[in-house]
Each structure stands twice: as structure tokens, then as C-alpha cells.
Amino acid sequence: MSRFFSDKYRKLTPYTPGEQPRDASYIKLNTNENPFPPSEKAIRAGEKALRSLMLYSDPACTLMVRALAETCHVGEDQVICVNGSDEILNFAFMAFCDEAHPAVFPDVTYGFYPVFAKLNRVPYTEIPLQEDLSIRVSDYYETGKTIFLANPNAPTGIALPLSEVEEIIRRNPDNVVVIDEAYVDFGAESAVSLVDRYENLLVVQTFSKSRSLAGGRLGYGIGSASLIRDLNTIRFSTNPYNVNTVTMAAGAGALADPEYTAKNCEYIQTVRAYTTEKLRDLGFTIPESSANFIFASHPDIDGEALYRELKKRGILIRHFSVERIRNWNRITIGKKEDMDTLIRESTDILGGQGDGSPVRMGR
Ligand code: PMP
């Protein structure tokens, strides 16, 4: 830290992204990326857009806003485009939280929420998940706080039904409820259909997961026109050109190919069911996931030990150093052949190495 770093940020612990190794080729099951490339329509549109990079990108994101409004059946004034959904989450902390409107979210959820809260000096409360890692919906009634809920939740993968999400929104009429639907396309119900009925609802989605554009950085928010106006005030006060021209074109291409997205999401759900069953057969505990990852723990092996052992064998999964989930790992669903390698190596690790004696590591 330099002596010039503002006191405001000296105590900030930044978010730790999952490893993106450049030195070795791993089976990468650690950052919830899609195993398939972007749609050909996205690739072609992105390539074409490269030719106009001498111009600034469209600050109104007209192309994307129009396409998303049509896809989501909302008005164009109910859509905002951002540089990955992380950006809109930060905007939401900036726009809708302060001393009088503290934030609230589960104790086990997306690790960026507490970072954004601290960055923006927003007081926050973490509500413990239940023993089975699910959210107790009534914990979020009449909170008097700005609510951030990932649905499906990360890293558990557990989704709330839309009726329960709606009840939370209905019971907090004077506070904004942000529903982070980064993984919604893998089997959960979206709250987008509710935005016309609740002016306090902001739904956040991304092109990073179901549409294979994580590196493009494209996210968006759908909400009441007044919430979207507030978020645009923040956007135009930070970076009006937040979505670059190539990404915008690629995003529109991806949106124009819903069959490709649906096919890949279906594949991932099938492989998720297969992997869950095989790992449960090995003794893993895995809550029912509605996302493109599963959350797994095993009684005979410490979470970090399993992560390390798999890494030695060329497979990356995600381990979090948060105390409550230290025996768990989040495993992205990749192609079937990669999941078969994971299952084989996990079987080997759990069954012992060579001499047939079972491993008991760290527990
Ligand atoms: N929300 C959740 C729950 C996530 O897991 C992620 C991915 N790390 C994001 C939002 C952000 O995704 P992106 O910025 O790539 O849209």
C-alpha cells in the first residue's frame, strides 16, 4: 500500500476472483464459465463490430436495450446495460444503500456483496442460511433494508420459487430488493415478470453464464423506469461508455440465437443431474442445484484437501476460505467428459492411492 492510498480504502479487502491460470492447462471447473463457445451469431457480430472501434461505444446501448426490452417484454426505459453484472451490483449499492438504508443478504452468498458494501461504506447485515443452506424466506420480511438475494443462490445453487421471491418483494415496499439472477437460465424462475407490479424490484442478469460471454463483460438490469433512471445517473457519473462496441454487438448476436443458449443450458442441466448422482454415490452431500454448478462436501475429506488434491491432478474447483463453508467446494458443470474425469479422480482420492487404504484427510 502506498502512503498516498486514501484512508477510506485502507481497510478494504478486495474480492478474490477464481483462479484463471495461464501457465498450465487445467480442467477448469472453478469459475462457473460455460464450457461452450459463444454462438456463431455472437462471434460474427463481434468481429464485424471491430471495424468501428475508432468510435466511442453508444452510451445509450440502444441496440442491446432495444433487444432486451423485446426479449423481456418490458419498456426500453426499464432496461440498463452494464459491464458485467458486477457493475450493476456496485451501482445498486451506490444508488440504493446508505446509513438510512443498510444492506442485507445471506451469510453465505456471492462474495462480492460485502466487498461492495465496504467499498461504498454501507452498513450491512448477514442473515445466516438455515442448517441445510437454504434461505428462510420470512427472515427477509419487513427488513427496512436494501435486500440483495442471488437466485439461485451462490455458491449453494439452491433456488427460491418465484412465489417466495414475490413475497419478499411485497413485504418490503419501501426498500429496493435486488434479485441477482446470474444463474437463472439453468433451471430457476425469473422475477422479471414482476417488474411492472413492484417499483422496488431490480432484477440483475448476465451474459456471462448461459450465453458464454464471460470475457465480453455484459450484464443488465430490469426494473421500474424510476430505478433504472437512478442507476443511469450513477452510470453516467462514472463511465457512460461502460459497454464496449464489440461486446454490445456480440451480446445482440447471442440474444438473436436463443436456440443455441437453450440447447447448452439443457445440456448443462443433464450433466448436472448425472454428476450430482455419481458424486452422491461416492458419499458427497450436494444440495439440489438450479445453477451451472454444484456445491459439495464429503464426510471423509476436508474441502481444502480435496481442492488441492484435484488441482494436483489437473482439475480446478473452487474452495472458499469462509469458515462456515470450509468443508465445501463449488464445482462448475462442464462437458460430460470433464465431469467423468472429476468423478474418476474423486473416486481415486477417496478410495486411497495404490495401497488400497482409504484416505482420511484433514477431518
Ligand atoms: N452474481 C453472482 C451470484 C455471480 O456468481 C457472478 C459471477 N461471479 C456475478 C453476479 C457477476 O457476473 P458477471 O459480472 O460476469 O456478470
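State, as an integer percentage, the relative contact order of region 52-157 based on alpha-carbon contacts under 8 Å between residues 6 or more apart.
25 percent
Write out the chymotrypsin sites (Phe, Trp or Tyr not before Pro) in region 49-120 meeting two conditions: DSSP loop, and at most 14 other Cβ atoms within 10 Å of their Cβ.
The qualifying sites are Tyr56.
Taking N as the number of residues in region 134-176, what is its Cα Rg relative to 2.2 N^0.38 Å?
Relative to the rule-of-thumb radius for its length, region 134-176 sits at 1.10.
In deg cm²/dmol, rounded to 500, what helix-only [θ] at 222 nm does the chain give when every DSSP H run of at least 4 residues adds -39500 (n - 2.57) and the total is split over its residues? Display every interim value, and only then the final one.
On the way: 10 runs with 125 residues, N = 363.
It lands at -11000 deg cm²/dmol.
Roughly speaking, to the nearest percent, how much of the chain's 1.4 Å accessible area is carbon and sulfur? Please report the intermediate quantities before stating the final value.
Details: 8420 of 16740 Å².
Carbon and sulfur: 50 percent of the exposed surface of the chain.
Suppose accessible area is computed on protein heavy atoms with a 1.4 Å probe; arrange His73, His101, His298 from highest to lowest. Mind dumping the intermediate values first?
On the way: His73 155, His101 75, His298 10 Å².
The residues order as His73, His101, His298, largest area first.
Multiply the residue gap between His101 and Arg313 by 0.36 nm, knock off their C-alpha separation, and tell me the result in nm, one decimal place.
Separation in residues times 0.36 nm, less the Cα-Cα distance, equals 71.6 nm.
Where a ≥ b ≥ c are the square roots of the eigenvalues of the C-alpha gyration tensor, would you call region 207-358 rounded, which needs a/c under 1.5, or, failing that, prolate if a/b is larger than b/c, or oblate?
Taking the square roots of the gyration eigenvalues as a ≥ b ≥ c, region 207-358 is prolate.
Can you work out the accessible area per residue across the chain, with the rest of the protein chains kept in place, probe 1.4 Å, in square angstrom? Don't skip to the end; give the middle numbers.
Values: 16740 Å² over 363 residues.
I get 46 Å² per residue for the chain.
Using only alpha-carbon positions, what ratio does the radius of gyration of region 76-200 give when scaled by 2.2 N^0.38 Å?
So region 76-200 has a normalised radius of gyration of 0.98.
Using the alpha-carbon atoms, what tilt in degrees (0 to 90, nearest 10) does helix 258-281 show relative to the longest principal axis of the chain?
30 degrees
What span do the alpha-carbon atoms of the chain cover on each of the three principal axes, reported in whole Å from largest to smallest?
Principal-axis extents of the chain (Cα, largest first): 65, 51, 48 Å.
From zero up to wherever the largest Cα-Cα distance of region 83-147 sits, split into 5 Å bins and tell me the percent of pairs in each.
In whole percents, the pair-distance histogram is 4, 18, 28, 23, 18, 8, 2, 0.
Expressed as a rounded percentage, what relative contact order does the chain have, with Cα pairs under 8 Å and six or more residues apart?
Reported relative contact order: 23 percent.
Report, to the nearest 10°, how far helix 336-351 tilts away from the longest principal axis of the Cα atoms in the chain, using its own Cα long axis and a range of 0 to 90°.
40 degrees
List, in the order given, every pair from Lys209/Lys278; Lys28/Lys145; Lys48/Lys336 whose Cα-Cα distance in the structure shown is over 27 Å.
Working: Lys209/Lys278 24 Å; Lys28/Lys145 37 Å; Lys48/Lys336 33 Å.
Violating the 27 Å Cα-Cα cut-off are Lys28/Lys145; Lys48/Lys336.
Counting only DSSP beta bridges with both residues in region 40-257, what percent are antiparallel, rounded to the nearest 5?
If we restrict to bridges inside region 40-257, about 40 percent are antiparallel.
The values are calculated or read from the model by the stated rules, or taken from the named source; none is laboratory data. No experiment lies behind these values; they were computed from the predicted model shown. Glycine also receives a Cβ, built like all others from the backbone with ideal geometry; neighbour counts cover every protein chain displayed. Remember, those area values only see protein heavy atoms, side chains included, never the ligands or the DNA or RNA. Shrake-Rupley method; radii C 1.70, N 1.55, O 1.52, S 1.80 Å.
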